[in-house]
Amino acid sequence: MIEVQNLTKTYGDVVAVDDVTFTVRPGVVTGFLGPNGAGKSTTMRMILGLDRPTSGTVAVNGRPYQDAVAPIAEVGALVEARAVDGRRSARNHLRAIAATVGIGDGRVDEVLELVGLTDVARKPAGGFSLGMGQRLGIASALLADPDVVMLDEPVNGLDPDGILWIRGLLKQLAAEGRTVFLSSHLMSEMQMTAEHLIVIGQGRILADEPLHAMIDRAAGERVDVVSPDGGRLAELLADDGVVVTSAEPGVLQVTGVAAERIGDVAAENGVRLHQLHTVEPSLEQAFMDMTAGAVTYRGGREDTPR
């Protein structure tokens, strides 16, 4: 279990993490979300004792992580996958870590097999692709069979097969009763993996709730409509609570009314329909709604260098 209480981190006048409190419980995959610059990585680094909090406390399984007798058996962490001597083979990299806590070569070979690196185990890690480097970082995190697994952007660089693999692995670890805490910018993947979500924005906690609860609070179902009579259909649908927008002629996005009703209105008034599709609420939409006022770095034409 990870317990964070009133955690704050400042850099001069900048407040990176602002009085953050949350608990990551065992047996559940917990996702950590937030826009760039929200304080995710800083929070994870403070949990691991890599950054010192300005104030507040962190406990891992009831005590500060730095007090653990065997730290990598307490928390298996992936913060920077490329933090490896590129001249060493993947196997020797893991053997060096294993030697610090008395883990034998058998376990090294076991985790290499687990992450799919057996065939390249004796090749220099410096020549690995981003995805292979990510697999090696995950192998390092799992080497000592830890009770707590904490991964920062674990799917970064993985191909579709690798993403499917890490999704299953994380769910399996949680099912074994371990504490699993991960961050990711891929909303679709987080929606398929996590059961509980903690959202941070501009250093403050915006949400701490089950995945389904967050999605349920998102904007209601949207219906996408394609019709050569889009303008007329929009007029017919105009009513209290119905919102119709259009990014291009003949294409409507409608909220506040069900697809069945749109179809009925079109049929009753001789309006041609080419497409009628209900878009379910998603984690991405819920996240965008929640963090709309807490984005530090925004893209846009005005930011493009001239």
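Bear in mind that the values in this text are calculations on the coordinates, not laboratory data. Just so it is clear, the structure is predicted and the values come from calculations on it, not from any experiment. Note that we place each Cβ from the backbone using ideal geometry, even for glycine, and neighbour counts take in every protein chain shown.
K40: which aspartates and glutamates have alpha carbons under 13 Å from its alpha carbon, excluding same-chain residues fewer than 8 sequence positions away?
Excluding near neighbours in sequence, the set is D18, D51, D152, E153.
Where the centre of each part is set by its Cα atoms, how far does region 163-234 sit from region 1-43, in angstrom?
18
Which residues in region 107-121 place their backbone N less than 19 Å from a point set 7 Å from the Cα of D145 along the Cα-to-Cβ direction?
Hits in region 107-121 for D145 at 19 Å: 107-116.
Could you work out [θ]222 nm for the chain from helices alone, using -39500 (n - 2.57) per DSSP H run of at least four and dividing by all its residues? Round to the nearest 500 deg cm²/dmol.
-9500 deg cm²/dmol
Over what distance in Å are the Cα centres of region 248-290 and region 129-161 separated?
What the calculation gives is 40 Å, centre to centre.
When ranked by the protection proxy of mean other Cβ atoms within 10 Å per residue, highest first, what sequence do the peptides 231-244, 280-293 form?
280-293, 231-244
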